[in-house]
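To start, the structure itself, in structure tokens.
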Amino acid sequence: MAEPTADPEIRDFQHELRACTEGALTGSEQEQYSEAKFLQVKRIIERFQGREGSSELDRRWTRKVTDVRNWFTFSASERWREDASEYEHYTDSGGKSGGQKEKLAYTVLAASLAYQFGLEWGETRSRSFRFVVIDEAFGRGSDESARYGLELFRRLNLQLLIVTPLQKIHIIEPYVASVGFVHNEDGRDSMLRSLTIEEYRAEKAARGVGAPERGAAISSARP
């Protein structure tokens with residue numbers, strides 16, 4: 001569910017935008033090109049450009065009010081399947097733990113992908129496009145939340161290309177069919193080493209460590 005934000009800066013900016021366009025399509029020619037309209041637009045543009053003595057403040061304001069994601073507050077209700085009673089309620093400004101917010105983010109992402117690709121829950125075969133690239137995946141989140149997200153993607157039968165730091169490979173390993181270790185020595189030439197998940201596990205067992213000796217990042221894919 002999305003509702004208009006109550007943030008006063010954004011509400012004021014929206015009011016100023018409406019004031020700039022009022023009468024633009026239905027008003028008289030004098031109303032469309034009045035001096036007052038010119039000054040209203042001029043004030044907004046000056047803040048976008050950064051006024052003298054307030055450039056940093058105006059820059060932060062511009063980033064905030066022009067990002068339409070800030071124009072709404074979002075909420076989601078998690079309910080029991082048996083009787084539809086509410087188990088948990090989330091809002092983007094709610095005081096939930098980091099793990100709860102991560103799980104909500106993955107749920108919203110999975111739902112948006114299902115909607116975009118026209119997927120049906122539990123469907124095993126489809127001609128729909130299902131390839132998803134996730135960059136810098138799971139690097140800062142908890143292991144539990146990462147597993148939650150990956151399980152959601154698995155149940156939707158998505159094909160994933162995941163780019164993630166090496167320390168998260170143990171989380172991703174059960175969900176992928178191959179891995180590619182990328183190494184860049186001294187910032188010159190990048191090298192890529194590709195392994196099937198079976199080859200990776202055999203080498204891991206032989207070395208007694210979690211990854212080949214070389215590798216700064218890993219990309220992995222599910223067929």
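The values are calculated or read from the model by the stated rules, or taken from the named source; none is laboratory data. Remember, predicted model here, so these are calculated numbers, not experimental data. Cβ: placed from backbone, ideal geometry, glycine included. Neighbour counts: every protein chain shown.
Going by the structure shown, is Ala137 part of a loop (DSSP other than H, G, I, E, B), buried (at least 16 other Cβ atoms within 10 Å of the Cβ), assigned by TED's automatic domain parsing to the domain that holds His170 and at pLDDT below 85?
yes
Hey, does the stretch 87-103 have a residue that's exposed (fewer than 15 other Cβ atoms within 10 Å of the Cβ), assigned to a loop (DSSP other than H, G, I, E, B) and modelled with pLDDT of 80 or more?
No, the stretch 87-103 contains no residue that is exposed (fewer than 15 other Cβ atoms within 10 Å of the Cβ), assigned to a loop (DSSP other than H, G, I, E, B) and modelled with pLDDT of 80 or more.
Restricting attention to the stretch 28-83, which residues are within 23 Å of Lys103 (Cα to Cα) and modelled with pLDDT under 85?
Arg69, Thr73, Phe74, Ser75, Ala76, Ser77, Glu78 - these are the residues of the stretch 28-83 that are within 23 Å of Lys103 (Cα to Cα) and modelled with pLDDT under 85.
In the stretch 151-179, which residue that is part of a helix (DSSP H, G or I), under 16 Å from Thr196 (Cβ atoms) and touching a strand residue (DSSP E or B) at 6+ places or on another chain (Cβ under 7 Å) is modelled with the highest pLDDT?
Filtering the stretch 151-179 for residues that are part of a helix (DSSP H, G or I), under 16 Å from Thr196 (Cβ atoms) and touching a strand residue (DSSP E or B) at 6+ places or on another chain (Cβ under 7 Å), the one modelled with the highest pLDDT comes out as Ile172.
Give the residues of the stretch 180-208 that are touching a Leu at 6+ places or on another chain (Cβ under 8 Å) and either at positive phi or in a helix (DSSP H, G or I) (or both), sorted by residue number.
Selection gives Glu203 alone.
Quick check, is Ala24 modelled with pLDDT under 90, small (Gly, Ala, Ser) and out of contact with any Phe, Trp or Tyr (no Cβ under 7 Å at 6 or more places or on another chain)?
Taking the combined requirement at face value, the residue satisfies it.
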